[in-house]
Each structure stands twice: as C-alpha cells, then as structure tokens.
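Working notes, structure below.
The values are calculated or read from the model by the stated rules, or taken from the named source; none is laboratory data. Bear in mind that the values here come from a model prediction, so they are computed numbers and not experimental data. Every residue, glycine among them, receives a Cβ derived from its backbone with ideal geometry; neighbour counts consider all protein chains shown. We work out accessible area using only protein heavy atoms, side chains counted, and drop any ligands, DNA or RNA first. Shrake-Rupley method; radii C 1.70, N 1.55, O 1.52, S 1.80 Å.
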Amino acid sequence: MNTVRPRAAVVVTGSELLTGVIPDRNGPWLSRELTALGFEVAHVQVVGDRPGDLARALDLALEDGCELVVTSGGLGPTADDLTAEIVARFAGVPLELDEAMHARIAQILAGFAARTGFGGPALDAANRKQAMVPRGAVALDPVGTAPGLVVPRPGGPLVVVLPGPPRELQGMWPAALASAPVRELLARVPAAEARSLRYFGLPESEIAATLREIEAERDLSGVEITTCLRRSGLEVDLRPQPGAESVADAVHAELAARHARHLVSTDGTSTDELLAGALRERGWTVATGESCTGGMLAARLVDLAGSSDYVAGGVVAYSNEAKTELLGVPAEMIAAHGAVSPEVARALADGARERFGADVGIGITGVAGPGGGTEAKPVGYVCFCVTTADGQVIARGPRLPGGRTDIRERSTDVGMHLLLRATRHS
C-alpha cells in the first residue's frame, strides 16, 4: 500500500471552452471524483482542439509523475476530434479498427439515420473514425455515439479517454472504473478519508488563526487543509496522507469545538441537505414570500429530489401591489415603514405561511441595487423574517456586500440558514 497519494491529472479538450462559449463542467467534476478515490490531483488543464497542445498536456502529466490521466472531449467524428490519435501516439501504439465497436456504433447510427434522414458515406466515415482504437486499449461502450478508451502506457501513466458532453462522460465513468486496468491501479490507491466541516458566518481568518495555533503544537504536514467560501458558507476540508489519520481527527475535533457557534455540520453535509432532512423529520412544510430574491429561495428549496414532501409553495411579490394582493401585506404598513422593512418581511412570512397552510414561512425584502438605496436603507440592506406555526419568529436585517447578483445570492443563502435554524429550535 502506498504511503503517499498517487497523482492524477485531468485534461479537458475543446476550443469552445477557451473562447468562453461554454463553461467547463467536466474538469471540476472529474477532479472531485478523483480526489474522492484517493488521488492527489496535480492539475486540471483545458486545451483547445490542437494536437500539439493536447500532446504537451499529456507530457506535463508524465513529467509531474501522474499515474492516471483522464481526458474529456475530442472523440467525435469531425476532423478536429483527434484525442484517440494523440493518446495512441503518447502510448506508442498504432490505431486499429475495433470490429465489435464498429458494429456497435453502426447500430446506434442506424437509428439516428432513420430518425433524421442523414446517412450514407458521411455517416459511415464517422462510424469508422470513432471505432479506431489504440492497440491494447480497452474500449468503453458509447453513452452517446463516441466510445471511451482506457489506454495503458508502458511505464505509465494510464490514460482514460472520455467523451466531452457531461451527460455522456458521467454516464461512462462507472464503466471506466470497472475496467481491468483502472481496477488494478485503484487497488494500489490508499482509501480517501476526508474530514469536512461547514460553517456559516465565520470568516476564513478565524480558521487561519486557529490553525496557526494548532500547528505550533503539532505537525500538520501530513494533512492537506483547504478552506473555501461557497454559497456564503465556509467549507474546511482535511485530507490526510496515509498514516496521518489521527492527526486529521484531532484537528477536525478542535476546529469543531473552537468554532461551535458557527458550525453547520461536521461531516460536510450541506445546509440544503440538512434543511431538507430537518423538514422531513419534523413533518413540516415551508412557504416563501420573496421580493428582492425573485424566487431564488424557492428554486433553491426545490433543487433537491423529493422536495415536494416539504415545499408547499411560494410567491414572488415584487411590487407593493403584489405584496398586498397576493400575501396580504397591509398597504398602510408599506406606506408607514416602506417595502423594505422588518415589518413587511414578517408580513410576507406570515402571508406565505397562511396562504399555503405551511408550518414555516419566510419573507425576504431588500435593496438589491445598484440603485434605489438611501442613507437609512442602503443598497445591500435586506430584511428577513421566518415565522412558524408554533410561534417562532426569527428576524434579521443585515447589509450584504457586493453587486446586485451577489446580494440576491447571499440573501438566498441567509434565508436557507434562517430556515435551518427554525427547524432546529426545540
């Protein structure tokens, strides 16, 4: 068993990714998967559909001591789809026609031709090109029309070649892991045993200060510790090298104890998952009354499968008239306190809860900007209120930083955490 983690690299191909036409979804996904398997990801490279650039990316992985390289893209039928050819050259083997794969792709393309009317020599040429496999490679059945490849290279690294469309790549990943060369490699990879903590309302500087104090008393060199701000929360991950598990456990426990007030979870469970679980456990339903977030909170609540168990409904009441007519906010209240006020936030929460017969309601109203702010209610001032059928009232009125998009996203984050707090109240 290794005492250090083997290295892996990800190479994503596609000129459209470099021009910004579409974002790269494969690189981050593969990086997470490889890390979970126990690899140390050396780098994620995005290269255009240029043979030289792909070849250099593979050479860099070799130079960096990577035992596994996963590529995505460049397996299609067009002239710029050259990944199989470049990987074969990297492995020092020729391309050969895989007769079984040729027949498999022909079967798939026959259905395409029947539906669209496009067939003939062009489709036959595409079939043949996609069925060319490096000698000694394992061909993976297509999820779309392009097969994947697992290509051993003498002396390493092992190269896994996957298609570019994320649906196809993710669908083919289990087959890649089940292939004999990958199974043999994974048998030598130490198990990944990450420890995670999730906080809300805690700055990174506090974690950094705590880690400096801990490091003064113990050696942390065997534990990779990363902090990341995501969705207004602070995520701390500890990834020990083999043999440093006890150190990671001790650091995890100390970080949890020192910052317990802001701790959301000690196992990496997200706020969204915790809230869904708490609502189900209590048998509660939730309703939303949103103004400045424009339905973003309701959308977040229904992101998880099974949300119909606990989401009753929501109203986007942007105008004053909508607040009054749809959620029963008194017009005189808006006139007296303004649409952005703690009073209106509570009325939105109560109105949503009552309209949908829910156990918990939340109201959000604020100044998202860039205009509309005043000295008393500047841009970023957002009023929140959560009310429950059993009498809880949780209200907040922070001034959130950033531009319009930032304020709306952060407001959604705050709303989720306030709902979680309400469900946790005994």
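Some observations on this one:
- The stretch 184-291 - Debye-derived log10 I(q)/I(0), Cα point model, q = 0.09, 0.15 Å⁻¹: -0.31, -0.72
- Label point at A376 placed 7 Å out along Cα→Cβ; residues across the stretch 310-335 whose backbone nitrogen lies under 14 Å: 333-335
- Relative contact order (percent, whole number), the chain, Cα cutoff 8 Å, 6+ residue spacing: 11 percent
- Take the Cβ atoms of A256 and A335, set R0 to 41 Å, and the FRET efficiency comes out at 0.30.
- Diffusion coefficient, µm² s⁻¹, Stokes-Einstein with Kirkwood Rh over alpha-carbon pairs of the stretch 46-108 at 25 °C and 0.890 mPa s: 187 µm²/s
- Every Cα-Cα pair of the stretch 5-160 was included, and the share exceeding 18 Å stands at 60 percent.
- Max mean-square fluctuation residue, GNM over the chain, Cα-Cα springs under 10 Å, options P342, P94, P154: P154
- Taking only the Cα atoms of the chain, the ratio Rg/Rh comes out at 1.07, with Rh defined as the Kirkwood radius.
- If you plug the beta carbon distance of D303 and R404 into 1/(1 + (r/R0)^6) with R0 = 30 Å, you get a FRET efficiency near 0.85.
- In the elastic network of the chain, a GNM with C-alpha springs shorter than 10 Å, the most mobile of P181, P23, P203 is P23.
- When only the Cβ of Lys, Arg, Asp and Glu is charged (+1, +1, -1, -1), the dipole of the chain relative to its Cα centre reaches about 420 debye.
- Less than 5 angstrom separates the built amide H of H43 from those of V10, all sequence-distant by 5 or more or on a different chain.
- Test item: Cα-centred dipole of the stretch 191-311, Lys/Arg +1 and Asp/Glu -1 on Cβ, debye: 400 debye
- Positive-end residue, the stretch 329-401 charge dipole about Cα centroid, Cβ charges, pick of G371, A349, M333: G371
- Excluding exposed DSSP-loop GluC sites (Glu not before Pro) (at most 11 other C-beta within 10 Å), longest clean stretch of the chain: 1-216
- Rounded accessible area per residue of the stretch 320-382, 1.4 Å, Å²: 44 Å²
- Max mean-square fluctuation residue, GNM over the chain, Cα-Cα springs under 10 Å, options G92, G48, G372: G372
- Relative to its residue count, the stretch 347-390 spans a Cα convex hull of 69 Å³ per residue.
- For the stretch 232-248, 3J(HN,Hα) per residue [Karplus equation, 6.51 cos²θ - 1.76 cosθ + 1.60, θ = phi - 60°, Hz, x = Gly/Pro]: 6, x, 10, 9, 10, 10, 10, 10, x, 6, x, x, 9, 4, 5, 5, 4
- Across the alpha-carbon atoms of the stretch 119-264, the computed radius of gyration and Dmax are 22.6, 72 angstrom.
- Sum of -39500 (n - 2.57) over DSSP H runs of 4+, divided by residues of the chain (222 nm, nearest 500): -13000 deg cm²/dmol
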